[in-house]
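Here the structure is laid out as structure tokens; the discussion comes afterwards.
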């Protein structure tokens, strides 16, 4: 459906790159993947050569010792197997080194991929983040990367070793008998051809599994996050039915995928063992003509085993590869989504001091949506306390987002001290202009940690006493010392995950103290005290007045007490600025503000 | 509170690691008896057929290949017969492999589904206090990652069982060839199993740590992305990236450690069967020299070892999954064995339209805190006559939410009673409670469903579900009908995850419509209109009042004086107890704390007015 509220840019669900381009781009992002790859491949070749030691030993022992003219020669067998054993151990050591080297390089590369994707998620504009499910963003930096790591570590090694093993086995088989080699390849080629579409079906099936698992976890999360509502309305049974349906759908998808895998895998087994029968028959018939010895034929059987193992394995690895590429595409999709709000190459640092904000002909539309702001011109003088009022959905919050450059205007420009915001370096902008959003988000930790978050600390990282003093000071300056005093545990109180141990109003108090410590030149408050009681709100408003004396604030509020206290009131209606001026003047005008204020008075008295 | 009725049937496993592992496996398998009988049979067939391949090959070597190549074979038909025998075994083997995998998959998927159903049933059964003491992330991972961990062992399990069968058959087959060759070949297998055990001993802690770190990385990402707006507004992207990178690097180190353990053990485990093959050749050569065994015997023994190289690893997989499985199972068991659901009452309230009378007597609510239980409410007594509207007013943190949550019995008081029409709320039948009492919480929770389903909370085919007319009425009363009408799909419009497609105020109004459509006798609004425009809020509350005598009793937590003025009475709550109860005018006159709250804006604007005038002078 088209979103009702804010339809933003959809994060690219996946990149549209082909498999090879995906791998190329993946390696480009994580060059560590190829660290020391040459030596690793050389070692892998040694490891693969080690695999043919046993078949060669079988051939030599049978032909030159056991079936030696004049009866078995046991001593020669001991010599041969001793040499073979040394070869095996060397190959094993090479194989261990290959594994370790691949793990080191792949983990380094994937850590890089994870970190870059994570950082990029934060760089994407607030619009993109809003519309994307957070769970799916998290999976981009967790399970999707894990899928790649599973492949690179397990599949990658096996694929490398398998390909080498097939090559070495083929070469050796050709040495023993080119006819049988052709026969083996002739039997396996159709399998390889048939397996490709089958593998595609397998990967489609796994895609369905992942989708259903996502939907199932969504349904399950409702039973946890919505626990209160479910109890209050007695809808446990219905919720359970919804979960059960999702669980069942996941189970069915898993079984369907497993059946497809079983068919693919067992057809590999069938072909492998059929080839065995073919080799025995054809080899014997060839041998009757004298072009084959028993030892060579037996070695061939062992070689077929070397050949079939990797081909069977390859069918599974290719599944992993497809999963990995799909995961890689999703992660690359994040990294390659252009961040709308970025630093221009010629961005300049904005010097600190009182901030003068101007909007010139600013229009804004959420991507794919109608305009929500129309040609807004505003001059917000330095040091002015500005209140923005208007009905829900009139565009107040959008205005706040543009002033803090969480989004760029579709038309027109926002200026900070005369410089277009797009040309101001983001680091200096965030230092000077800070937004306090309506929902005071808290990190898991103590009140003190949350308040200190984002502060340009003048104390050292491990100096908790200095930090606590600063935090207590911030609360005191906001007139909240008594609230802190009554809080069990004080500023050391654990706020729980996402601050859930505090009420919505208390979270806002912490968020306000946090913004205060961030010490910005310009504070944008988006209904930052909507959930606190009137007495506290008034107290905070007074405190903020003192604290922000000499600095500018832009406050979005639907309580008009804020407007009464402001130097300048901006009235927004349906995306247009309809009135601008001091409270008293607007009150005297026969406009929407006077009407709003009259209604507000009626509510408060 | 009551204990689980079947205390003997606890989900938690008991005893040492071996005993608990066996319990885990047995419980899983016996929960799907049909599937696992089939899985075990096909696995055993797979084991037998794998040995059969080497046996047929050995026979073919002795009876066909060696004579033929020596030019001693008269009848070429025996060559084709040997081929046909091998082909027959091949087909059976392939079918057995398919069966083994399919039944293993079914068993694994079914056990997983059972666990998920059981865990979510507990989520829906356990009280809110239990939910509040368990982080959301943990509960979600109980149903996902922990269930996967607890069931991981069932994927390779049938394979491992097949390998047991394979070893049995192989022993018999090898003994028939030659005792010495058999002893040589079979000596390798215990070594391989031992190597796997040592491997697991090193691997398990490493893998557990990596798993834990993977969860930590996900937690950091989840929290950080949820804080996205804050991070952006404070410009702390770099700080967050560093926090995430630190965890990622720990995970990298842990994964490399896992990889190194595997890198060292993998070649050792693979080497053993190969060395065994060489050993069989040596022993076989001596036995052949002694004339005790033919080439075929040696070949089949050697070949058998190469065939068994991979299957023997299945033990390693099972053993490797077990420690993880036990940890996962323990976590699930903590959910499954949790008790303390509120005992449902049995008293039926008469079906009636009018409001419910509400009374609280000496109510105390406490939560466990760092320094012993902390009282959130104490000595709360109040009474609301049927059909009245009462506003609960108090400063942030006074205990308002806790107070109103008692009315729909989201929790029970530690002491004291809550009475609805004179009946202790603990005795009221849950169906009647949810029919008559509707609570709209501070944070409106919406399901990922349509508008209609979010209002009715019923399935489409539910005969008791309110009809569309009733839904529209409720939407109209909640002043959200215009929003819904503007949607192309109307009532069928999906609202997205947690109602993401709506604004905060719209979500609140849908939640109010959800309460109103039930025509409750007690409506509890916990600051349920905080994000709604004041004018709209007025309309909603005034609409409720117009329902007159058939209207519900309304208890609302409110901040706006306009809302408070619509109430017949005000309850002033402070620091967990009732300071005063009476009309707005009464409290204004006699309760200074209330006066501060009620006149905060007014006084503030007067103070400002005075300041401005002073400046003007």
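Look at residue B:115 and say whether it is under 21 Å from the mean Cα position of the chain (by Cα), at the interface with chain A (Cβ under 10 Å from one of its Cβ atoms) and in contact (Cβ under 8 Å) with a residue 40 or more places away in the chain. Give the steps one after another, and end with the answer.
On the way: under 21 Å from the mean Cα position of the chain (by Cα): yes; at the interface with chain A (Cβ under 10 Å from one of its Cβ atoms): yes; in contact (Cβ under 8 Å) with a residue 40 or more places away in the chain: yes.
Taking the combined requirement at face value, the residue satisfies it.
Among the residues of segment B:66-78, write down those that are free of Cβ contacts under 8 Å to residues at least 24 places away in the same chain, assigned to a helix (DSSP H, G or I) and closer than 15 Å to residue B:296 by Cβ.
Once the filter is applied, which keeps residues that are free of Cβ contacts under 8 Å to residues at least 24 places away in the same chain, assigned to a helix (DSSP H, G or I) and closer than 15 Å to residue B:296 by Cβ, segment B:66-78 yields B:67, B:68, B:69, B:78.
Given A:581, A:550, which one is on the phi > 0 side of the Ramachandran plot and modelled with pLDDT of 90 or more?
Working: A:550 fails: modelled with pLDDT of 90 or more.
The conditions single out A:581.
So, residue B:301, is that one facing another protein chain (nearest Cβ under 8 Å) and buried (at least 20 other Cβ atoms within 10 Å of the Cβ) or not?
Answer is no for this residue.
Considering each residue of segment A:503-519, count those that are more than 9 Å from chain B (Cβ to nearest Cβ) and either under 28 Å from the mean Cα position of the chain (by Cα) or more than 15 Å from residue A:473 (Cα to Cα) (or both), and give that number.
Filtering segment A:503-519 for residues more than 9 Å from chain B (Cβ to nearest Cβ) gives A:507, A:510, A:512-513, A:516-517, A:519.
Going one step further and asking which of them are either under 28 Å from the mean Cα position of the chain (by Cα) or more than 15 Å from residue A:473 (Cα to Cα) (or both), we end up with A:507.
Residues flagged as more than 9 Å from chain B (Cβ to nearest Cβ) and either under 28 Å from the mean Cα position of the chain (by Cα) or more than 15 Å from residue A:473 (Cα to Cα) (or both) within segment A:503-519 amount to 1.
Residue B:83 passes all but one of (1) surrounded by 17 or more Cβ atoms within 10 Å (Cβ to Cβ); (2) at pLDDT below 95; (3) under 55 Å from the mean Cα position of the chain (by Cα); (4) more than 7 Å from chain A (Cβ to nearest Cβ); which number fails?
That leaves (4) as the condition not met.
List pairs: first residue in segment B:152-166 and within 10 Å of residue B:46 (Cβ to Cβ), second residue outside any helix (DSSP H, G or I) anywhere in the structure, Cβ distance under 9 angstrom, at least six positions apart or on different chains.
Within 9 Å, the pairs are B:159/B:311; B:162/B:311; B:163/B:311; B:163/B:312; B:166/B:311; B:166/B:312.
May I ask you to say which residue of A:599, A:541 is surrounded by fewer than 21 Cβ atoms within 10 Å (Cβ to Cβ), assigned to a helix (DSSP H, G or I) and facing another protein chain (nearest Cβ under 10 Å)?
On the way: A:541 fails: surrounded by fewer than 21 Cβ atoms within 10 Å (Cβ to Cβ).
A:599 is the lone residue from the list that is surrounded by fewer than 21 Cβ atoms within 10 Å (Cβ to Cβ), assigned to a helix (DSSP H, G or I) and facing another protein chain (nearest Cβ under 10 Å).
For segment A:42-85, give me each residue that is buried (at least 24 other Cβ atoms within 10 Å of the Cβ), free of Cβ contacts under 8 Å to residues at least 24 places away in the same chain and closer than 13 Å to residue B:279 by Cα.
A:77
So which residues in segment A:137-169 are in a helix (DSSP H, G or I) and under 23 Å from residue B:223 (Cβ atoms), if there are any at all? So that I can check it myself, show each step before the final result.
From segment A:137-169, those in a helix (DSSP H, G or I) are A:137-141, A:143-169; that's our starting set.
The answer is A:137, A:138, A:139, A:140, A:141, A:143, A:144, A:145, A:146, A:147, A:149.
For residue B:557, work out the one condition from (1) modelled with pLDDT of 85 or more; (2) more than 34 Å from the chain's Cα centre (by Cα); (3) at negative phi it doesn't fulfil.
(2)
What are the residues in segment B:441-477 that are closer than 14 Å to residue B:499 by Cβ and outside any helix (DSSP H, G or I), if any?
B:441, B:443, B:444, B:445, B:446, B:447, B:448, B:449, B:450, B:457
Among B:290, B:309, which is the only one that is closer than 30 Å to residue B:28 by Cα, within 14 Å of chain A (Cβ to nearest Cβ) and over 34 Å from the mean Cα position of the chain (by Cα)? Give the steps one after another, and end with the answer.
Details: B:290 fails: closer than 30 Å to residue B:28 by Cα.
Just one listed residue meets the conditions, B:309.
Checking residue B:499 against (1) more than 7 Å from every other protein chain (Cβ to nearest Cβ); (2) closer than 28 Å to residue B:356 by Cβ; (3) in contact with a helix residue (DSSP H, G or I) (Cβ under 9 Å, 6 or more places away or on another chain); (4) buried (at least 19 other Cβ atoms within 10 Å of the Cβ), which single condition isn't satisfied?
(2)
Does residue B:170 satisfy the criteria of being away from every other protein chain (no Cβ under 14 Å), within 30 Å of residue B:297 (Cα to Cα), out of contact with any strand residue (DSSP E or B) (no Cβ under 7 Å at 6 or more places or on another chain) and crowded, with 21+ Cβ neighbours inside 10 Å?
Yes.
Please enumerate the residues belonging to segment A:214-230 that are surrounded by fewer than 19 Cβ atoms within 10 Å (Cβ to Cβ) and either more than 7 Å from chain B (Cβ to nearest Cβ) or at pLDDT 90 or above (or both).
A:214, A:215
Find the residue count for segment B:570-602, including only residues that are in contact with a strand residue (DSSP E or B) (Cβ under 7 Å, 6 or more places away or on another chain), within 18 Å of residue B:384 (Cα to Cα) and in a helix (DSSP H, G or I).
Total meeting the criteria: 2.
Among the numbered criteria (1) in a loop (DSSP other than H, G, I, E, B); (2) farther than 25 Å from residue A:550 by Cβ; (3) within 14 Å of chain B (Cβ to nearest Cβ), which single criterion is violated by residue A:367?
It is condition (3) that residue A:367 fails.
Name the single residue, out of those in segment A:491-502 being within 11 Å of another protein chain (Cβ to nearest Cβ) and in a helix (DSSP H, G or I), that is farthest from residue A:555 (Cα to Cα). Lay out the reasoning, then the answer.
Our first condition is that a residue be within 11 Å of another protein chain (Cβ to nearest Cβ); within segment A:491-502, this holds for A:492-494, A:496-502.
Then keep just the ones that are in a helix (DSSP H, G or I); that gives A:492, A:497-499.
Working: A:492: 30, A:497: 28, A:498: 25, A:499: 24 Å.
Looking at the filtered set, the residue picked out is A:492.
Which one of the conditions (1) more than 9 Å from chain B (Cβ to nearest Cβ); (2) part of a helix (DSSP H, G or I); (3) touching a residue at least 60 places away in the same chain (Cβ under 8 Å) does residue A:249 fail to meet, given that it meets all the rest?
Only one criterion is unmet by residue A:249, namely (3).
Of the residues that make up segment B:187-199, is at least one part of a helix (DSSP H, G or I) and either closer than 15 Å to residue B:258 by Cβ or within 10 Å of chain A (Cβ to nearest Cβ) (or both)?
Going residue by residue through segment B:187-199, those that are part of a helix (DSSP H, G or I) are B:187-199.
Still in the list and also either closer than 15 Å to residue B:258 by Cβ or within 10 Å of chain A (Cβ to nearest Cβ) (or both): B:199.
Yes, because at least one residue in segment B:187-199 is part of a helix (DSSP H, G or I) and either closer than 15 Å to residue B:258 by Cβ or within 10 Å of chain A (Cβ to nearest Cβ) (or both).
For the structure I just gave you, tell me whether residue B:353 is over 30 Å from residue A:76 (Cβ atoms), part of a helix (DSSP H, G or I) and either outside the structural domain of residue B:422 (by the TED database) or at pLDDT below 80 (or both).
Working: over 30 Å from residue A:76 (Cβ atoms): yes; part of a helix (DSSP H, G or I): no; either outside the structural domain of residue B:422 (by the TED database) or at pLDDT below 80 (or both): yes.
Spelling it out, it is not the case that residue B:353 is over 30 Å from residue A:76 (Cβ atoms), part of a helix (DSSP H, G or I) and either outside the structural domain of residue B:422 (by the TED database) or at pLDDT below 80 (or both).
For residue A:377, all conditions in the list (1) crowded, with 17+ Cβ neighbours inside 10 Å; (2) touching a strand residue (DSSP E or B) at 6+ places or on another chain (Cβ under 9 Å) hold save one; what is the number of the exception?
That leaves (1) as the condition not met.
Report, by residue number, each residue of segment A:327-340 that is surrounded by 19 or more Cβ atoms within 10 Å (Cβ to Cβ) and not in a helix (DSSP H, G or I).
Answer for segment A:327-340, where residues must be surrounded by 19 or more Cβ atoms within 10 Å (Cβ to Cβ) and not in a helix (DSSP H, G or I): just A:337.
Tally the residues that are in contact with a helix residue (DSSP H, G or I) (Cβ under 8 Å, 6 or more places away or on another chain), closer than 23 Å to residue A:495 by Cβ and surrounded by fewer than 18 Cβ atoms within 10 Å (Cβ to Cβ), restricting the search to segment B:111-135.
So the count comes out to 2.
Which count do you get for residues in segment A:298-329 that are more than 43 Å from the chain's Cα centre (by Cα) and touching a residue at least 40 places away in the same chain (Cβ under 8 Å)? Spell out the reasoning first.
Restricting attention to segment A:298-329, the residues satisfying the condition of being more than 43 Å from the chain's Cα centre (by Cα) are A:298-304.
Imposing the further condition that a residue be touching a residue at least 40 places away in the same chain (Cβ under 8 Å) reduces the set to A:298-300, A:302-304.
Matching residues across segment A:298-329 total 6.
Residue A:508: outside any helix (DSSP H, G or I) and buried (at least 19 other Cβ atoms within 10 Å of the Cβ), yes or no?
On the way: outside any helix (DSSP H, G or I): no; buried (at least 19 other Cβ atoms within 10 Å of the Cβ): yes.
No: the conditions fail for residue A:508.
Whether any residue in segment A:396-415 is within 33 Å of the chain's Cα centre (by Cα), assigned to a strand (DSSP E or B) and touching a residue at least 60 places away in the same chain (Cβ under 8 Å) is what I want to check. Don't jump to the end; show me each part of the working.
The first filter runs over segment A:396-415 and keeps only residues within 33 Å of the chain's Cα centre (by Cα), leaving A:396-411, A:413-414.
Filter once more, so that each one left must be assigned to a strand (DSSP E or B): A:411, A:413-414.
Still in the list and also touching a residue at least 60 places away in the same chain (Cβ under 8 Å): none.
Checked against the condition, which is being within 33 Å of the chain's Cα centre (by Cα), assigned to a strand (DSSP E or B) and touching a residue at least 60 places away in the same chain (Cβ under 8 Å), segment A:396-415 yields no hits at all.
The values are calculated or read from the model by the stated rules, or taken from the named source; none is laboratory data. What you are looking at is a predicted structure, and each value in this text was computed from that prediction instead of being measured. Note that we place each Cβ from the backbone using ideal geometry, even for glycine, and neighbour counts take in every protein chain shown.
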